[in-house]
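The values are calculated or read from the model by the stated rules, or taken from the named source; none is laboratory data. Predicted model only: the values in this text are computed from it and were never measured. Methodologically, a virtual Cβ is constructed for each residue, glycine included, from the backbone with ideal geometry; neighbour enumeration extends over all protein chains shown. Quick note on the areas: whole protein, heavy atoms, side chains included, nothing else; ligands and nucleic acids left out. Shrake-Rupley method; radii C 1.70, N 1.55, O 1.52, S 1.80 Å.
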Amino acid sequence: MSFESLGLMAELVHAVSEKGYSVPSPIQQQAIPLVLEGRDIMAGAQTGTGKTAGFTLPLLQRLMVSSKPGKGRRPVRALVLTPTRELAAQVHDSVQTYGKHLPLRSTVVFGGVSINPQKQKLIKGVDILVATPGRLLDHISQRSVDLSSVDILVLDEADRMLDMGFIRDIRKVLSLLPREKQTLLFSATFSKEIKQLANGLLRSPALIEVARQNTAAESVTQVVHPVDKKRKRELLSALIGGNNWKQVLVFTRTKHGANRLAEQLNTDGISSAAIHGNKSQGARTRALADFKAGQVRVLVATDIAARGIDINQLPHVVNYELPNVAEDYVHRIGRTGRAGNEGEAMSLVCVDELTLLKDIERLIKRKIPQVMFEGYEPDPSIKAEPINKGRGNKQRNTKKRVHKPASSKRRDGQLPARNTQKRDRKRNAG
Ligand code: AMP
């Protein structure tokens, strides 16, 4: 099967082959012909499946075919919404890469950077706009963008956008789009909320699913190393040093934890950088570029910052701490074993995290093999303690408790975990 045989025009096939791809991935084989036909689609696909090219390529072709040469500013005809800045930047890179032989204009807008240069680009007119919901609404309120000519809407990682609390922003954006349009919805999972959103939005969508919901990619070897919390860093350094790993993505639960771990690894002589929501966009981009270029061996990331990071053939992902939300485990290990490459995901699990591990195993419907490291066996006398979900939560628990209605408090006085997490994520995102 070739990209040509899917009905793509020569300019797009050319760009894809320059990128080095010759065989369309399963999601591309399914999505491209349907999108070219003008169908709405609802696709269950995680990052790593090639979904971005799956919607970008046919989207570019649709815009070329329906292109109406006219005078005046080009109206936005395709809008792609993504949950995070990183993903927005990457999708826009793909738009530029695949559209390099076509006379289409595009731009990307996301938060955390100055709004004026974005405005200038929008005012000149673009055919394709990639955006995070928050910053898009800023532009709408400042009248730098008009969405009344949008023919194609893509919601990328829709489940993430809802998780991050963007539903109201999305609905606001949707209300400004024409009723008649083609909509492509991509989501790794299909919760009740996603189905509700899809029901009101998609017209007889074609359903596409390339990996079973919430199953980890088959090409990823998973392992759990039981270890005491205070010895995790030592074990991690030993693993990286002992195996001479050159490129490792390490996940922590908190921004503070990411910073501290990167510092400690640097002290151990393992070059590391942290990437999280408190870092400026410039610092995040630089850390990612250094990591990709091999100048930094370890990238320590929080879940939110890692969303949408596109690194090919990443061999090792380490869960230094298990995520609070089991679905995040699937997203994390999706960073390895991508596009047919083998990958290894290991989790350093202490006694506090055994419940989180159970949740993950229930979700992925399999037990992850446990391998004990000699010299790092957990001390059986250490009892499980509640997990510290980050400094931000502690502050909120003490300061904001008074203002919360009793019904939204748990008996232990903590805010419901899901809500605090949503707020944290939203603050960190575009
Ligand atoms: P995505 O799921 O869109 O994040 O893509 C995952 C990775 O696979 C990206 O690095 C893509 O550049 C790469 N990729 C996309 N399509 C193909 C293909 N047909 N063959 C090989 N790699 C691909």
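Would you be able to say whether some residue in the range 272-291 is open to solvent by 30 Å² or more (accessible area, probe 1.4 Å), farther than 26 Å from Val113 by Cβ, part of a loop (DSSP other than H, G, I, E, B) and at pLDDT below 90? No, every residue in the range 272-291 fails to be open to solvent by 30 Å² or more (accessible area, probe 1.4 Å), farther than 26 Å from Val113 by Cβ, part of a loop (DSSP other than H, G, I, E, B) and at pLDDT below 90. Evaluated against (1) open to solvent by less than 20 Å² (accessible area, probe 1.4 Å); (2) modelled with pLDDT under 95, Leu79 falls short on exactly one condition, (2).
Restricting to the range 316-374, name every residue that is open to solvent by less than 10 Å² (accessible area, probe 1.4 Å), among the polar types (S, T, N, Q) and in a loop (DSSP other than H, G, I, E, B). Within the range 316-374, Thr336 is the sole residue that qualifies. For the structure I just gave you, tell me whether Val65 is surrounded by 22 or more Cβ atoms within 10 Å (Cβ to Cβ) and β-branched (Val, Ile, Thr). Taking the combined requirement at face value, the residue does not satisfy it.
Working only within the range 243-271, note down all residues that are open to solvent by less than 20 Å² (accessible area, probe 1.4 Å) and not in a loop (DSSP other than H, G, I, E, B). Val248, Leu249, Val250, Phe251, Gly257, Ala258, Leu261, Ala262, Leu265, listed by residue number.
Table: residues versus (1) in the same structural domain as Thr183 (by TED's automatic domain parsing); (2) hydrophobic (A, V, I, L, M, F, W, C); (3) within 12 Å of the ligand (Cβ to nearest atom); (4) modelled with pLDDT of 95 or more.
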site	(1), (2), (3), (4)
Glu11	yes, no, no, yes
His14	yes, no, no, yes
Lys19	yes, no, yes, no
Ser22	yes, no, yes, no
Ser25	yes, no, yes, no
Gln29	yes, no, yes, no
Ile32	yes, yes, yes, yes
Val35	yes, yes, no, yes
Gly38	yes, no, no, yes
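Glu377 meets the conditions (1) open to solvent by 90 Å² or more (accessible area, probe 1.4 Å); (2) in a loop (DSSP other than H, G, I, E, B); (3) closer than 26 Å to Val210 by Cα in every case but one. The failed one is (3). Could you say whether any residue in the range 152-162 is open to solvent by 40 Å² or more (accessible area, probe 1.4 Å) and at negative phi? No, the range 152-162 contains no residue that is open to solvent by 40 Å² or more (accessible area, probe 1.4 Å) and at negative phi. The residues listed here are Thr56, Thr97, Thr49; of these, the one that is under 25 Å from the mean Cα position of the chain (by Cα), within 13 Å of the ligand (Cβ to nearest atom) and not in a helix (DSSP H, G or I) is Thr49.
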